[in-house]
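Notes follow once the structure below has been shown.
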Amino acid sequence: VLVTHDLNEARMLADRLAVMDGGRVLQQGTPAQIHTQPRNARVADLVGIQNRFQGLWLGPADAPGRGRLRWTAEGEAGAGPAAPELNVRDKGRLPPGQAVNWVIPSDGISLLARPAMRAGDLAAVVREARHLGEITLATLTLDAVPGARLILTLSGPQRQGLGAGAAVGIRLDLEQVHVMPVRTA
């Protein structure tokens, strides 16, 4: 048994993790399970998932096991018709109209040159790019979702020449989206 506040240490050494807050176990599982499928927004915060957003669950999609998620702006109860609608995995547990939080790991977000965009991709603007040796930490915003900030850790050629103000595109790997209901008191 190892007790630590160092998330990297826990991920490197542990076969199983127990995420605790205020003396209560919030979630147990492998490091990969907890990072890709946090039980709720608090677990996502505690394990350092930076790309956490709000949404509105619209219900089942046309294909079995798929659902429709409307990406809403921070603090917005509903969403306008221009808000992006995502076709994501559906576990069949959410009623239509349910407010949700959702997460996507940064490796589920691909950075694109605007000419390479296709249907379903989103236009973004680089707000900050911190070049830290072999990696770059980038913060992007989307016109389609005011207030949403995507945080990416980039390496390799895709980060070369990336700077604040650059117009880029993003493509989300919708298989990596994990949806969590918002619990009301």
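The values are calculated or read from the model by the stated rules, or taken from the named source; none is laboratory data. This one's a predicted model, so the numbers in the text were calculated from it and none came from an experiment. Cβ sites come from the backbone with ideal geometry, for glycine too, and all protein chains shown count toward neighbours. Ligands, DNA and RNA are excluded from the accessible area calculation, which covers all protein heavy atoms including side chains. Shrake-Rupley method; radii C 1.70, N 1.55, O 1.52, S 1.80 Å.
The table below gives the values:
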read-out	value
Rounded percent of accessible protein surface that carbon and sulfur make up, the chain, 1.4 Å probe	50
Mean ellipticity per residue at 222 nm, deg cm²/dmol - from DSSP H runs of n ≥ 4 across the chain, formula -39500 (n - 2.57)	-2500 deg cm²/dmol
Contact order normalised by residue count of the stretch 101-146, Cα under 8 Å, 6+ apart, percent	29
Whole-number accessible area per residue in Å² for the stretch 39-185, which is evaluated in the context of all protein chains at 1.4 Å	53
Net charge, residue 169 excluded, C-beta distance under 11 Å - Lys, Arg +1, Asp, Glu -1	+2
